[in-house]
Amino acid sequence: MKKATAKLRAARNKIKACIIHPVLSGKISGRRNTQDITSEAEGLAHAIELDVGWTRVVKLTKIQAGSFFGKGVRQDIADEIKQSKPDIIIVNHTLSPVQQRNLEKEWHAKVIDRTGLILEIFGARAQTKEGRIQVDLAALQYQRSRLVRSWTHLERQRGGAGFMGGPGERQIEIDRRLISQKLTKLKKELETVRRTRDLGRKSRERVPFPVVALVGYTNAGKSTLFNHLTGAKVFARDLLFATLDPTMRQVKLPNGQKAILSDTVGFISDLPTHLIEAFQATLEQVRYADVIVHVIDASRHDYEAQRKDVIEILEDLGIEYEESDRIIEVYNKIDLLEDDQRVDMERKAQFSNQIAAISAQTEEGVDGFLEQITDIMNRKRKLVSFTLKPTDGKALSWLYDHAEVIKRCDGEEGIEVQVNMDTANLGKFTESYGYKESSN
């Protein structure tokens with residue numbers, strides 16, 4: 001009885017929201033149908049536990065400069081708002097600051113657009129110092145020309161990015177001097193993060209462990225796959241943006257080789273420019289990864305549209321997708337497919353070494369997928385042996401710094417070393433130290 005009462009209390013305390021999705025008549029909606037788009041918007045709202053009362057699709061002939069919607073539409077929505085009394089109205093589109101302010105005045109309710117909603121989710125999800133810096137930077141850039149509720153989100157007294165407001169808060173004008181100072185401070189902190197990441201990347205190149213980066217549309221199953229491969233306990237739930245902060249762990253491949261596996265933030269269609277800019281430091285690890293694993297939710301009917309959205313973002317980051325030989329497309333959740341769909345997907349994977357069909361949940365197909373990662377790495381790496389002079393500590397030290405030492409045997413006649421190394425480093429070593437590969 002107590003548990004039931006607690007659930008009812010939690011339900012009553014939830015922030016009530018409604019969603020308005022505008023569709024411009026005569027304009028092609030893109031790669032998805034309206035139902036998919038509105039379902040995704042509802043998923044975004046649920047990700048921060050908003051209680052969505054209703055979702056309405058509104059057809060527009062044109063966007064009004066001052067208030068986005070026409071007078072008749074605004075009045076109809078105002079009547080619905082008056083009846084349902086939501087705490088917040090989400091417009092699943094980008095609003096200008098003027099449009100947002102005018103709608104709030106007319107509807108007497110808090111209004112946020114799609115960008116504000118995504119930033120709110122990121123603000124609630126960020127756990128690491130780096131994640132918080134990136135979210136704050138994106139939020140401030142977004143807020144610079146807008147009226148906001150308060151500055152409490154900057155001190156992180158509560159979760160979220162601060163766009164939804166709180167009890168007793170009043171709308172105030174942003175102090176431009178304060179926001180500029182905060183932006184300057186955050187950019188300096190983020191630059192420090194970038195330098196640290198760059199040093200870490202160069203350090204990994206010397207160690208070296210190759211880096212495998214997981215990318216994909218939000219909720220495609222990246223974190224579940226990451227947890228299975230590494231034994232980690234990264235937060236993985238059926239929520240959009242369940243994982244925000246990047247996580248790196250060591251993983252052992254079938255041939256015994258070690259690699260660094262990186263789980264990154266999920267992508268989404270119409271990802272706000274502010275976020276892409278702010279998260280450049282995190283996404284750099286994708287750009288420099290030895291292997292990029294693009295995880296795709298094969299159980300969705302619109303998986304091809306999600307795939308293309310991710311490709312566009314990767315290409316914006318400077319990654320040539322179609323021509324790249326370091327990308328594996330992993331079609332996940334095959335356990336949820338109908339038999340004929342599953343057979344087609346597995347056949348597609350069978351005839352390509354850059355496509356895999358797996359289930360991260362049931363672990364089907366994962367072993368074969370790991371073999372594909374190994375094959376891609378082996379194109380650039382080679383397992384070789386050298387017999388070094390007993391006194392040549394410099395050459396031995398170089399191998400430990402630039403290759404993965406698999407086996408070492410010290411004898412009177414020399415040091416037998418077996419290493420796995422990048423072919424470019426192999427050329428440098430043989431040229432600099434004059435050693436030739438030993439016959440195995």
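Scanning region 404-420 for residues that are surrounded by 14 or more Cβ atoms within 10 Å (Cβ to Cβ), touching a residue at least 60 places away in the same chain (Cβ under 8 Å) and not β-branched (Val, Ile, Thr) turns up at least one hit. Within this structure, ALA220 fails the test of being closer than 25 Å to ALA124 by Cα, part of a loop (DSSP other than H, G, I, E, B) and either at pLDDT below 90 or among the hydroxyl-bearing types (Ser, Thr, Tyr) (or both). For region 104-119, the set of residues classified as within 17 Å of SER84 (Cα to Cα) and of a type outside the set (Gly, Ala, Ser) consists of GLU104, GLU106, TRP107, HIS108, LYS110, VAL111, listed by residue number.
Here is a yes/no grid of residues against (1) surrounded by 14 or more Cβ atoms within 10 Å (Cβ to Cβ); (2) part of a loop (DSSP other than H, G, I, E, B):
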site: MET345; (1), (2): yes, no
site: SER352; (1), (2): no, yes
site: ALA356; (1), (2): yes, no
site: GLU363; (1), (2): no, yes
site: GLY368; (1), (2): yes, no
site: THR374; (1), (2): yes, no
site: SER385; (1), (2): yes, no
site: THR391; (1), (2): no, yes
site: SER397; (1), (2): no, no
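Within region 57-82, take every residue that is loosely packed, with under 15 Cβ neighbours inside 10 Å and basic (Lys, Arg) and give me the one that is nearest to GLN35 (Cα to Cα). Applying the filter and picking the extreme gives LYS59.
Scanning region 399-419 for residues that are in a helix (DSSP H, G or I) and in contact with a Lys or Arg (Cβ under 7 Å, 6 or more places away or on another chain) gives ASP401, HIS402.
Here region 95-132 is the region considered, the condition is being closer than 27 Å to GLU284 by Cα and free of Cβ contacts under 8 Å to residues at least 40 places away in the same chain, and the residue that is surrounded by the fewest Cβ atoms within 10 Å (Cβ to Cβ) is LYS129.
With respect to ARG31, determine if the residue is modelled with pLDDT under 95 and not assigned by TED's automatic domain parsing to the domain that holds SER269. Taking the combined requirement at face value, the residue satisfies it.
The values are calculated or read from the model by the stated rules, or taken from the named source; none is laboratory data. Small disclaimer: the values here were computed from a predicted structure and weren't measured. Please note: Cβ atoms are built from the backbone with ideal geometry, for glycine as well, and neighbour counts cover all protein chains shown.
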